[in-house]
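These notes are about the structure you will find just below.
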Amino acid sequence: MHTRNLDDGFVYVGALLFTLIVNMFNGFAELPLTITRLPVFFKHRDLLFYPAWIFTLPNVVLRIPFSMIESIVWVVVTYYTMGFAPEADRFFKQLLLVFLIQQMAGGLFRAIAGLCRSMIIAQTGGALFLLIFFVLGGFLLPKDFIPKWWIWGYWISPLVYGYNALAVNEFYSPRWMDKFVMDKNGVPKRLGMAMLEGANIFTDKNWFWIGAAGLLGFTIFFNVLFTLCLTYLDPLGKPQAVISEETAKEAEDNGLPRETVSNGSTRRNGSMKSKDGSNNKEMREMRLSARLSNSSSNGISNGISRVMSVGSNEAAPRRGMEMKQQGVTDDRLQLLRDVTGSFRPGVLTALMGVSGAGKTTLMDVLAGRKTGGYIEGDIRISGYPKNQATFARISGYCEQNDIHSPQVTIRESLIYSAFLRLPEKIGDQDITDEIKIQFVDEVMELVELDNLKDALVGLPGISGLSTEQRKRLTIAVELVANPSIIFMDEPTSGLDARAAAIVMRTVRNTVDTGRTVVCTIHQPSIDIFEAFDELLLLKRGGQVIYSGKLGRNSQKMTEYFEAIPGVPKIKDKYNPATWMLEVSSVAAEVRLSMDFADYYRTSDLYKQNKVLVSQLSRPEPGTSDLYFPTEYSQSIIGQFKACLWKHWLTYWRSPDYNLVRFSFTLFTALLLGSIFWKIGTNMGDANTLRMVIGAMYTAVMFVGINNCATVQPIVSIERTVFYRERAAGMYSALPYAIAQVVMEIPYVFVQTSYYTLIVYAMMSFQWTAVKFFWFFFVSYFSFLYFTYYGMMTVSISPNHEVAGIFAAAFYSLFNLFSGFFIPRPKIPKWWIWYYWICPLAWTVYGLIVTQYGDMEDIITVPGQSNQTISYYITHHFGYHRSFMAVVAPVLVLFAVFFAFMYALCLKKLNFQTR
């Protein structure tokens, strides 16, 4: 870059600002990192593990070496390539400033995380502080132009000290101070001094050290503030289970009801039923007038008939390397081996084994939920080969992690699942909405959630339902699809005895309706274990060592193992599940010098199972394979309407999302309006025009970035639910994505409406209908494409923390190529292509041209003759009013493009590996 005149100097100012802003935004990554660590810290603090400063100090110290490396890399790469002052001392001074800016930014975002303690609020809080520091930093609005009621903000902005220190370090260089320019009075003045005065920067050389000391002081202050927040503030949310109205009333009247497992359920004839005898009524209510296919009355399918030789290569790289060192030469790690068995209607089957035996892997294979590995073998449904597209319509999968949308109620969750998964017609009978809702109510009564139907689901461990209630909701969500086969992955995991009994009663009720139910279970109690009818037991390596009936009091299973020579008899009142796992362990195999899998394959039980599997593998005469004319139960329009309904409820009940971003927009509009009060009427010189342009640019950029940041956690949470619902065959990705995209439109419209009215009035732009409309149009689609950009970054990232870092990486590029800091005519030709693909550049183009592209008022330009505003905009910024015919559709296309990429990535990318 050249150093000939003031115009060249302003290009250097833009480069210094870019250095300042990039390294300031670099600290943004500290925000999600700190938020994720806070729950553990609060737990340690409450248990008196250590004081808060012990947590702060390592965070600060461990950040120093990384900041040093990043600062060195930044300065080494950019300093001489940008053409800053060549003196070595100025190089190291800028290095020091960049390091201090990074330390200050890290402390600032740590303090914001400690104050806000929530990701969505912290994202908004971070943007808010950045906005105040940015606007009052002295480069958008010089100190002399800041209203008196805001001048305090100038002195508390860390960017003031960084900006002045960087500028003084550069413009006191001999190559600037040895050249002269004429001031407005015709008096020669040193170019460096004229540049500092023209940019309203302090001209005292000592401001380098003042700025450095200020940055160090802010670093200490922010980290002390972070420590105080950790000491005196508590987490925002506390885990709290939802209870029914009846229970709450009883608790108020008589204290907490004494309810135990024994008076909640009893064992009778191998099944778990409620004492009041209502199970028969529930079973009758569960039956629809017709099933979802042309099969026999006892279910859509007679069960999974055969599973053989299922293999997978899901070993982690390190584990694979260790196994190869032990002599294993295969590249694939086989998790399941020669698994043969059958699951039948009305039979509750337990899938058990030690950790690593392949229980969940087998269930994922059977349910078609595997996303990686290799699968070999044969799976049959009612004797016909399994077709996953059809199978998803007749089966349900209750995952171990209870994944649901947090902002909908229990009843709404079930209605949503029923409307998407139940068909419109069964045979000649229409399945109306009233029938579906009636079915939902029956399922709620079956799983004993009817008293909690209006309770919000909430987030696990933070709000809403308890773990046991979530388990029952997970089961109910699958039951309302009226499946014939249900897989449950550890339905009692993490529950106490009472909660586990309630869940198992629900499972037992489900089986008694004639469905095929398979559950993985880990070390169950006696009551829970004896609720099962059959057992499929796996050993480590994925081999079957028992497959058959349990019998009353697990008698048949214990007789099988006790018949093995050397196996000890079960003690009286000993848990048969625990005894079974103990006597079939690897240690027992070593002690007995035998392989239980080999023993099973030579047993009569294995031969009986082979005969049964062979019989079930042949279709019954007069039956036909299942067939559905469409992939999904609902049409694309039906899927879109259901998804739109749920998104509407989610958005309406997310105040930490909508109210926060609305409040931020309102505050931003009032802040900028009061700072740039009636500045639109004062157009005396080019500096004032640049300030107005800077105000418009800053407002759109910060509100847009806040929209981008706040939408990411919402999309990330809902995407986890989306993976489950899509795997269940509820809808395709396109209607889901379109519904979420459409839902943002009215909220952004409201946001833009009051933002435009406030900013336009307080800044006193020209009150003409055309200019006001253009200001609204450009702002609306800018906010919209920023929101969709945030959604897109989530769709291409594994979580919203990574999405936030990914999005922030492009904020600096958006700033650099926006055309504000470096006008388009000054951008090198080999980089001009990025200017044209930078969405913020088109926003700035539209805002400037529509407001000032036709104004013929005369303004003074430093170092040049007086010019009209329109002439200055055309020749300095390179903007032409006639080009708005292109700018307007391009802004719309950016919003459409980011929305399309969100939908495409959501459809093609899957970060949930199984």
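Exactly one residue out of TYR789, TYR811, TYR780 is of a type outside the set (Asp, Glu), in contact with a Pro (Cβ under 8 Å, 6 or more places away or on another chain) and either assigned to a loop (DSSP other than H, G, I, E, B) or touching a residue at least 12 places away in the same chain (Cβ under 8 Å) (or both), and it is TYR789. The helices (runs of 4 or more DSSP H) falling completely within segment 1-112 that include 2 or more residues that are farther than 22 Å from LEU813 by Cβ, over 37 Å from the mean Cα position of the chain (by Cα) and at pLDDT below 90 map to 6-25. Where residues in segment 554-580 are outside any loop (DSSP other than H, G, I, E, B) and among the acidic types (Asp, Glu), which of them is surrounded by the most Cβ atoms within 10 Å (Cβ to Cβ)? Looking at the filtered set, the residue picked out is GLU562. Residues in segment 535-558 that are polar (S, T, N, Q) and under 23 Å from LEU362 (Cα atoms): 2 in all. Could you tell me whether segment 100-116 includes any residue that is more than 28 Å from LEU233 (Cβ to Cβ), in the same structural domain as VAL60 (by TED's automatic domain parsing) and buried (at least 22 other Cβ atoms within 10 Å of the Cβ)? No, because not a single residue in segment 100-116 is more than 28 Å from LEU233 (Cβ to Cβ), in the same structural domain as VAL60 (by TED's automatic domain parsing) and buried (at least 22 other Cβ atoms within 10 Å of the Cβ). Which of the residues that make up segment 162-183 are closer than 19 Å to ASN200 by Cβ and in a helix (DSSP H, G or I)? Listed by number, the residues that qualify are GLY162, TYR163, ASN164, ALA165, LEU166, ALA167, VAL168, ASN169, GLU170, PHE171, TRP176, MET177.
Checking the conditions here, which among GLY494, GLY514 is at positive phi and at pLDDT 85 or above? GLY514 is the lone residue from the list that is at positive phi and at pLDDT 85 or above. Looking only at residues in segment 612-663 that are in a helix (DSSP H, G or I) and among the aromatic types (Phe, Trp, Tyr), the one that is surrounded by the fewest Cβ atoms within 10 Å (Cβ to Cβ) is TRP652. Exactly one residue out of THR650, THR688 is at pLDDT below 90 and assigned by TED's automatic domain parsing to the domain that holds THR850: that is THR688.
The set of residues from segment 689-729 being more than 24 Å from VAL844 (Cβ to Cβ) and hydroxyl-bearing (Ser, Thr, Tyr) comprises SER716, THR720, TYR723. Listed by position, the strands (runs of 3 or more DSSP E) inside segment 451-553 whose residues that are free of Cβ contacts under 8 Å to residues at least 60 places away in the same chain number at least 3 are 543-549.
Evaluation of THR578 against the conditions (1) touching a residue at least 40 places away in the same chain (Cβ under 8 Å); (2) touching a Phe, Trp or Tyr at 6+ places or on another chain (Cβ under 8 Å); (3) in the same structural domain as ILE426 (by TED's automatic domain parsing) shows that the sole unmet condition is (2).
The conditions of being touching a helix residue (DSSP H, G or I) at 6+ places or on another chain (Cβ under 8 Å) and of a type in the set (A, V, I, L, M, F, W, C) are met by LEU605.
Being surrounded by 19 or more Cβ atoms within 10 Å (Cβ to Cβ) and of a type in the set (Ser, Thr, Tyr) is a description that applies to THR752.
The conditions of being assigned to a helix (DSSP H, G or I), within 30 Å of PHE820 (Cβ to Cβ), in contact with a Leu (Cβ under 7 Å, 6 or more places away or on another chain) and not assigned by TED's automatic domain parsing to the domain that holds PHE10 are met by ALA695.
Note on segment 348-444: enclosed helices (runs of 4 or more DSSP H) holding 1 or more residues that are surrounded by fewer than 16 Cβ atoms within 10 Å (Cβ to Cβ) and in the same structural domain as LEU536 (by TED's automatic domain parsing) are 388-394.
All conditions in (1) out of contact with any Gly (no Cβ under 8 Å at 6 or more places or on another chain); (2) on the phi > 0 side of the Ramachandran plot hold for LEU452, with the sole exception of (2).
The values are calculated or read from the model by the stated rules, or taken from the named source; none is laboratory data. Keep in mind that what you see is a predicted model, and the values were worked out from it rather than measured. Positions of Cβ are backbone-derived with ideal geometry, glycine not excepted, and every protein chain shown enters the neighbour counts.
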